[in-house]
């Protein structure tokens, strides 16, 4: 998928493109703009910072099994957010993938999460991923509301208390 330039609700412009291995250098500045609470909501545990090894893993993925899109400020190239999709299809299962998204905390509510999620859903449809799913902490009402508006089904996660399981059937041929 090619890079796209989009406009957020506040008028700022962002470029959304595929995450590349070299984007690892953008993570320290990006993570400095993400609160510990938002990191906890994303990783489900308190995290002070992401290690260099984890950043390397996040930016060096196999495009046959995963995809990630990064949002960059058009004006200064700073990393603003990222969405990931990991194929978890097993033998005999419908082709599915798990998603995760993280934004600079100051950008929540400005439409960036929507843009990244829509880009990820479009990618899933185009690549035959029939089911997109993820876990969301029950207290993460902002994420759950966005998922509901995007058409995800939301249910209690039977395997983990305090967790919701969200699923979206993309309409892609399995």
So what is the relative contact order of region 15-122, in percent, for Cα pairs below 8 Å that sit 6 or more residues apart?
29
Most fluctuating residue given options 71, 97, 45, as computed from a GNM of the chain linking Cα atoms under 10 Å
45
Counting only helical runs of four or more DSSP H residues, what would the 222 nm mean residue ellipticity of the chain come to if each run contributes -39,500 (n - 2.57) and the total is spread over all its residues?
-7500 deg cm²/dmol
Among 35, 59, 142, residue whose mean-square fluctuation peaks in a GNM of the chain (springs only between Cα atoms under 10 Å):
142
Name the most mobile residue of 76, 23, 38, meaning the one with the largest mean-square fluctuation, in a Gaussian network model of the chain with Cα contacts below 10 Å.
76
Could you please state, rounded to a whole Å, how far the C-alpha centre of region 3-65 is from the C-alpha centre of region 138-174?
21
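Rule-based calculations on the coordinates, nothing more; no lab input. All figures in this text were calculated on a predicted structure; none of them were measured in a lab.
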